[in-house]
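For reference, the structure is listed below as structure tokens.
Please treat every number below as a calculation from the coordinates, not as lab data. In this text the structure is predicted, and so the values were computed from the model without any measurement. So basically every Cβ, Gly included, is an ideal-geometry build from the backbone, and we count neighbours across all protein chains shown.
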Amino acid sequence: MRRIIFFLSLLLLSGAFLLFLSLPGNTAENRGYAGSESCKDCHEDYDQSYRISVHAKKAIPGAPANRQECESCHGPGSQHVEEGGGRGIGVFAFTRNAEGRAKSGKCISCHEESKVLAFWNMNRHSTADVSCDDCHSVHGRKENLLKTEEPDLCFGCHRDIRFQTNKQSRHPVNEKMVTHQKLTCSSCHDTMGGFSTEPVGAFSIRTSFGTNKMIRADAVNELCFKCHAEKRGPFAWEHAPAAENCLHCHEPHGSNHSNLLVTKQPLLCRNCHDIPLHPSQPYTSFQRFLGTGGGKNRFIGRSCLNCHQNIHGSNFPGEAGHVFVR
Ligand code: HEC
Ligand code: HEC
Ligand code: HEC
Ligand code: HEC
Ligand code: HEC
Ligand code: HEC
Ligand code: HEC
Ligand code: HEC
Ligand code: HEC
Ligand code: HEC
């Protein structure tokens with residue numbers, strides 16, 4: 001009985017609260033639109049920066065210019081205007097403490113159909129509460145309305161990747177390439193969508209592996225083949241790890257070992273191959289570089305690669321192809 005009374009009073013209370021909220025003047029958001037002309041009086045600079053952007057173009061059907069202009073994103077602002085403006089009064093602001101989801105929601109109300117956002121809900125940025133305005137500034141005219149150019153945009157939050165791309169061997173995301181098409185983080189990552197279903201590597205020497213890193217392909221190898229097509233084969237003799245996942249041997253961003261390799265020679269190979277009676281041990285005082293016997297080509301220079309040259313796979317018929325020597 002007591003319980004029923006408790007719930008009844010709770011119901012009454014919440015009803016009264018809702019009534020209170022719906023009274024005019026008390027609504028968090030007054031439904032009235034003030035029109036962008038009124039905003040201009042007090043926010044000249046924001047008006048300017050909006051006018052030069054794609055959103056202000058009347059020629060684009062769904063653009064804010066053809067909807068509520070400023071108020072398409074900031075919400076109806078007549079209360080804000082009536083009260084002479086101010087922080088926290090009657091408009092939606094994209095502030096730091098506003099929830100990411102709420103901020104993105106303002107953009108998605110129009111961009112739901114945008115192709116780049118098809119998988120936004122499953123995207124790691126979205127689930128980590130990163131919002132559109134963390135990367136975009138709609139008050140401006142930069143390419144794609146980005147706050148900063150890549151890769152600096154991304155480095156702002158991903159310092160560890162900046163560190164990697166400064167290493168000796170790297171994918172050229174930092175350099176402005178003259179002869180090549182410039183490589184950006186977005187060449188490989190779909191930062192607003194993207195998910196892959198790649199299986200976890202079975203005998204990987206790397207730890208993080210096979211998860212969704214928003215790469216622009218269904219699997220790591222498919223991503224690499226987009227630019228390194230010659231590694232796709234088909235090969236008469238496949239090297240199992242290359243066919244499975246390039247990241248068995250390569251770092252995607254940067255490495256202190258040449259060719260983006262995860263480790264140096266001959267460790268790279270020896271992680272998976274332990275072959276006795278094979279020229280893979282270091283020189284000793286008996287078997288020196290200039291010595292006789294099986295000493296040559298051991299642990300020097302390209303090490304295993306001195307002989308196993310076609311490490312990604314070979315089409316050479318017979319044993320030499322089978323062991324990637326030719
Ligand atoms: C009478 C002057 C005035 C008018 C008109 C006006 N504002 Fe403001 N607005 C202000 C002032 C003052 C602030 C506080 C700015 C500050 O503290 O830096 C403000 C703050 C804001 C903020 C930040 C709010 C927050 O909570 O942080 C937004 C967004 C904003 N205005 C948008 C608009 C829009 C959209 C319009 C038109 C519908 C508009 N303003 C019309 C004066 C005005
Ligand atoms: C497409 C959505 C969009 C439109 C249209 C838009 N804004 Fe904004 N506005 C934002 C976002 C997002 C921010 C956060 C800062 C940024 O992105 O540059 C912002 C920031 C602001 C701020 C600063 C708020 C603060 O916290 O200090 C003001 C003031 C403002 N806008 C006013 C306007 C006015 C005036 C117009 C119309 C002339 C307008 N905005 C049109 C999305 C929009
Ligand atoms: C009233 C609808 C509307 C709202 C709200 C809106 N946009 Fe847009 N936006 C458009 C339209 C229409 C275009 C042009 C067509 C396109 O590229 O989809 C556009 C284009 C863009 C572009 C492409 C710019 C370029 O250079 O090609 C970006 C980025 C963008 N919007 C980001 C945002 C962000 C971030 C927000 C939220 C702060 C937002 N938009 C809110 C309608 C809207
Ligand atoms: C982590 C950073 C990041 C976030 C968060 C982000 N974007 Fe983007 N956006 C980018 C980058 C980088 C590009 C340009 C490269 C590309 O298209 O992938 C871009 C491009 C766009 C484009 C233009 C695409 C085209 O080619 O026409 C639109 C529209 C857009 N973003 C809207 C949004 C909206 C809306 C949100 C929030 C739901 C959002 N973005 C969140 C980084 C981001
Ligand atoms: C405002 C901060 C911020 C910006 C800017 C940003 N990111 Fe992120 N990013 C995050 C957060 C937070 C996560 C999720 C947590 C994590 O895995 O580190 C994340 C996750 C990722 C992941 C997936 C990691 C995983 O474990 O699945 C990739 C890939 C990524 N970001 C790439 C980019 C790229 C490329 C850009 C630039 C276009 C960018 N990010 C810009 C904050 C940011
Ligand atoms: C050549 C393609 C390529 C480029 C360019 C690239 N990435 Fe990646 N990135 C990858 C791959 C592949 C992975 C997955 C690595 C894994 O599974 O271990 C990855 C993983 C990530 C992760 C998750 C790292 C982790 O350890 O969980 C982040 C964050 C990231 N990249 C950010 C960036 C940023 C920022 C840039 C631009 C500076 C960038 N990437 C450029 C291919 C690339
Ligand atoms: C968007 C295109 C693109 C994608 C995708 C891509 N690469 Fe690259 N890669 C490049 C470019 C450009 C270079 C620099 C080539 C040059 O300097 O001539 C490069 C260089 C390399 C190098 C040589 C690095 C050095 O130190 O010389 C290796 C190894 C490599 N990539 C492996 C990979 C792997 C593994 C993947 C998949 C995770 C991949 N790449 C995905 C464009 C790409
Ligand atoms: C078993 C380890 C291993 C795997 C797996 C592997 N690579 Fe390599 N990769 C190497 C080695 C070792 C080199 C250096 C070759 C040399 O110095 O001749 C190299 C060099 C490269 C280079 C730069 C030199 C060149 O030949 O163009 C690219 C690009 C490359 N690999 C791409 C890939 C791609 C794409 C994959 C996945 C299909 C892959 N690698 C898988 C070991 C591997
Ligand atoms: C991630 C583990 C891994 C790494 C790293 C690796 N391999 Fe392999 N390799 C394999 C597997 C698995 C096979 C297939 C073995 C089989 O079929 O019995 C193979 C096959 C071979 C074969 C053919 C052997 C045969 O009998 O068919 C040669 C030769 C070879 N690898 C050389 C190398 C060299 C040289 C390196 C270093 C550049 C290397 N591998 C790095 C896993 C690896
Ligand atoms: C002097 C040239 C040479 C060097 C250096 C060399 N190999 Fe070989 N390797 C061969 C030849 C030739 C064969 C095929 C004949 C045989 O089985 O001995 C072979 C066969 C293999 C096989 C397949 C046969 C088996 O025994 O399972 C593997 C695996 C292999 N090498 C790995 C390596 C690794 C790992 C290194 C570096 C640590 C290396 N090789 C260094 C020439 C070389």
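The table for this structure:
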{"quantity": "Proxy reagent accessibility, fewest Cβ within 10 Å first, across Ile275, Ile215", "calculated": "Ile275, Ile215"}
{"quantity": "Amide proton proximity set for Lys213, modelled H, under 5 Å, gap of 5+", "calculated": "Ser196"}
{"quantity": "Distance violations [Cα-Cα > 27 Å] among Lys147/Lys264; Lys57/Lys226; Lys176/Lys213; Lys115/Lys167; Lys142/Lys231; Lys40/Lys147", "calculated": "Lys147/Lys264; Lys57/Lys226; Lys115/Lys167; Lys142/Lys231"}
{"quantity": "Amide H partners (placed H, <5 Å) of Gln265, local residues excluded", "calculated": "none"}
{"quantity": "FRET efficiency, 1/(1 + (r/R0)^6) with R0 51 Å, evaluated for His228 and Ser109 via beta carbons", "calculated": "0.80"}
{"quantity": "Built amide H within the under 5 Å cut-off of His257, gap 5+", "calculated": "Ser169"}
{"quantity": "Chain lengthening between Phe316 and Arg51 when straightened (0.36 nm per residue, less Cα-Cα)", "calculated": "89.1 nm"}
{"quantity": "Inter-probe distance in nm under a simple model that places probes 7 Å from Cα toward Cβ, at Ala98 and Arg302", "calculated": "5.7 nm"}
{"quantity": "Ranked Glu149, Glu69, criterion: other C-beta atoms within 10 Å, fewest first", "calculated": "Glu149, Glu69"}
{"quantity": "Karplus (6.51, -1.76, 1.60) ³J(HN,Hα), θ = phi - 60°, over the range 248-259, in Hz, Gly and Pro reported as x", "calculated": "4, 10, 10, 8, x, 9, x, 7, 8, 9, 4, 6"}
{"quantity": "For Met192, Met122, order by how many other beta-carbon atoms lie within 10 Å, fewest first", "calculated": "Met122, Met192"}
